[in-house]
Amino acid sequence: MDRTTLVQFIRRQEKMTPGATGEFTNLMNEVLVAAKIVSLQVNNAGLGEDILGMSGRVNVQGEEVQKLDDYANSIFIKLVGESGNICAITSEENEKPVIIPPDRAGKYIFMVDPLDGSSNIDVNVNIGTIFAVYRKQSPGLEVTDDDLLQPGTQQVAAGYIIYGPSTLFVYTSGNGVHSFTLDPALGEFFLSTQNMKIPRHGSTYSVNEGNSQNWQEPQKNLVHYLKEWDEATERPYKLRYIGSLVADFHRTLLKGGIFMYPGDKKSPQGKLRYAFEAAPLAMIVENAGGKATDGKQRILDIRPTDIHQRVPLYIGSSDDLDRAHTLLG
Ligand SMILES: O=P(O)(O)OC[C@H]1O[C@](O)(COP(=O)(O)O)[C@@H](O)[C@@H]1O
Ligand SMILES: [Mg+2]
Ligand SMILES: [Mg+2]
């Protein structure tokens with residue numbers, strides 16, 4: 001393993017940006033410290049402090065909040081919010097944006113799904129954090145919708161952390177996708193893979209087939225096609241579905257294939273959130289040579305109208321996405 005640390009790597013990349021002031025590196029340093037703290041808690045969940053189970057709260061999404069959701073949310077908001085580089089934070093767990101007082105604010109905006117894969121917290125299956133960084137767009141000190149509701153193309157950086165057998169930090173700032181592994185003994189993330197590229201096509205599809213009775217016909221036809229035997233077009237695909245977006249996406253990034261969370265008759269916009277899940281992963285997959293759409297349009301081109309907007313998500317290998325779009329019509 002390369003002994004380049006995550007901060008060294010980010011500082012080196014930022015230095016290549018004309019006029020860079022080091023603020024971005026400072027911000028990312030707070031993100032990775034928050035990730036280390038959450039990783040410690042996740043890896044020791046069940047030991048000592050009672051961090052498992054429900055918090056008794058229901059969030060703006062109408063979902064029961066687990067204690068680890070709340071814990072991760074508080075850690076990222078506190079550390080990133082106090083970095084001095086942020087003017088606002090939006091979180092899947094907070095109905096309203098957290099606005100930083102102007103005397104302690106900076107030029108970036110941080111958007112976060114602090115704990116992704118909540119249904120897997122108490123069964124010791126991979127969970128994670130997904131985040132995005134934007135620049136403040138509006139002039140002056142006030143934070144406006146122009147700052148909070150930006151299309152994914154405006155992301156300065158995006159990344160995710162996977163907490164599990166090893167804690168991985170995967171990240172892009174538009175110059176390739178790079179992964180870092182946490183050395184728990186040293187408490188440091190070290191570079192493990194530079195310039196990750198997703199295979200042009202894979203052999204797995206990833207979707208919750210339990211929802212199939214609510215799918216529209218084109219979605220049903222697509223999954224039926226993927227499951228049919230046809231050696232000439234390398235089918236059938238194998239089904240792999242963990243129920244943690246970060247883990248299903250990470251496998252797709254490494255092995256190729258397609259992950260889908262479609263809209264359906266009950267939830268036309270699907271389940272996943274644009275700002276905290278779809279847009280960050282879309283920036284990553286495109287920087288790795290893959291594609292991400294809502295079944296029709298490029299995810300990154302969508303301008304959200306609400307910070308908690310949901311969007312159908314099709315993401316993965318370029319050939320598999322092209323095949324899906326042909327069948328979805
Ligand atoms: O249980 P379902 O409907 O298949 O949904 C699974 C999806 O829900 C999620 O857990 C939603 O994310 P949160 O856990 O952050 O709410 C994704 O990680 C996962 O892909
Ligand atoms: Mg999530
Ligand atoms: Mg979450």
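From the residues Ser203, Phe276, Gly159, which one has its Cα farthest along the dipole of the chain in the positive direction, the dipole being from +1 and -1 charges on Cβ of Lys/Arg and Asp/Glu about the Cα centre?
So the residue we want is Ser203.
Would you calculate a helix-derived [θ] at 222 nm for the chain, using -39,500 (n - 2.57) for each DSSP H run of n ≥ 4 and dividing by the full residue count, to the nearest 500?
Mean residue ellipticity at 222 nm (helix-derived): -8500 deg cm²/dmol.
Whenever you get a sec, line up Lys15, Lys67 from highest to lowest accessible area (probe 1.4 Å, protein heavy atoms).
Lys15, Lys67
Given 0.36 nm per residue, what is the gain on full extension from Leu186 to Ser166 after removing their alpha carbon distance, in nm?
Full extension from Leu186 to Ser166 adds 5.8 nm.
Using only Cα atoms, locate the centre of the stretch 256-292 and the centre of the stretch 145-212, then give the distance between them in Å, rounded to an integer.
13
Net charge near Gly128: determine it from the other residues with C-beta under 9 Å of the C-beta of Gly128, scoring Lys and Arg +1 and Asp and Glu -1.
-2
How much length is gained on full extension from Gln61 to Glu217, taking 0.36 nm per residue of separation minus their Cα-Cα distance?
So the extension gain works out to 53.4 nm.
Can you give the FRET efficiency for Lys266 and Arg3, using 1/(1 + (r/R0)^6), R0 = 56 Å, r = Cβ-Cβ distance, to the nearest 0.05?
0.65
Kindly provide the trypsin sites (Lys or Arg not before Pro) of the stretch 81-161 that DSSP labels as loop, not H, G, I, E or B, and whose Cβ sees at most 14 other Cβ atoms within 10 Å.
Here no loop site has a sparse enough neighbourhood.
Just grab the label-to-label distance for Lys78 and Asp122, each label 7 Å out from Cα along the Cβ direction, in nm (one decimal).
2.4
Could you tell me which GluC sites (Glu not before Pro) in the stretch 223-329 are loop residues by DSSP with no more than 15 other beta carbons within 10 angstrom of their beta carbon?
Glu228, Glu234
How high is the relative contact order of the stretch 82-183? Use alpha-carbon pairs under 8 Å, at least six apart in sequence, and give a whole percent.
19
Rolling a 1.4 Å sphere over the protein heavy atoms, what is the accessible area per residue of the chain, to the nearest Å²?
43
With labels modelled as points extended 7 Å from the Cα through the Cβ direction, what inter-label distance (nm, one decimal) is found for Asn208 paired with Asp145?
Label-label distance for Asn208 and Asp145, simple model: 2.9 nm.
Leaving ligands, DNA and RNA out of it, work out the accessible area of His224 with a 1.4 Å probe and give it in Å² to the nearest 10.
The accessible area of His224 comes to roughly 110 Å².
What GluC sites (Glu not before Pro) does the stretch 1-80 have in DSSP loop regions with at most 15 other beta carbons within 10 Å?
Those satisfying the criteria are Glu49, Glu63.
So if R0 is 35 Å, what FRET efficiency would Asp230 and Thr193 give, r being the distance between their Cβ atoms, rounded to the nearest 0.05?
The calculated FRET efficiency here is 0.60.
Roll a 1.4 angstrom probe over the protein heavy atoms and tell me the percent of accessible area of the chain that is carbon or sulfur.
The C+S portion of the solvent-accessible surface of the chain is 50 percent.
Please name whichever of Phe24, Gln309, Leu52 sits farthest to the positive end of the charge dipole of the chain, dipole taken about the Cα centre and charges placed at Cβ: Lys and Arg +1, Asp and Glu -1.
Sorting the options by dipole projection puts first Phe24.
Quote the relative contact order of the stretch 5-97 in percent (integer), defining contacts as alpha-carbon pairs under 8 Å separated by 6+ residues.
Reported as a whole number, the value is 26 percent.
How would the chain be classified by its alpha-carbon gyration tensor: rounded, prolate or oblate, with rounded meaning a/c under 1.5 and the a/b versus b/c comparison settling the rest?
Cα axes put the chain in the rounded bin.
Suppose R0 equals 25 Å; then what is the FRET efficiency for His325 and Thr305 from their Cβ-Cβ distance, rounded to the nearest 0.05?
0.55
Say each of Ile37 and Lys96 gets a label point 7 Å from the Cα, pointing the same way as Cα to Cβ; how far apart are those two points in nm?
Between Ile37 and Lys96, the label points sit 2.3 nm apart.
The values are calculated or read from the model by the stated rules, or taken from the named source; none is laboratory data. This one's a predicted model, so the numbers in the text were calculated from it and none came from an experiment. Every residue, glycine among them, receives a Cβ derived from its backbone with ideal geometry; neighbour counts consider all protein chains shown. Heavy atoms of the whole protein, side chains included, go into the accessibility calculation; ligands, DNA and RNA do not. Shrake-Rupley method; radii C 1.70, N 1.55, O 1.52, S 1.80 Å.
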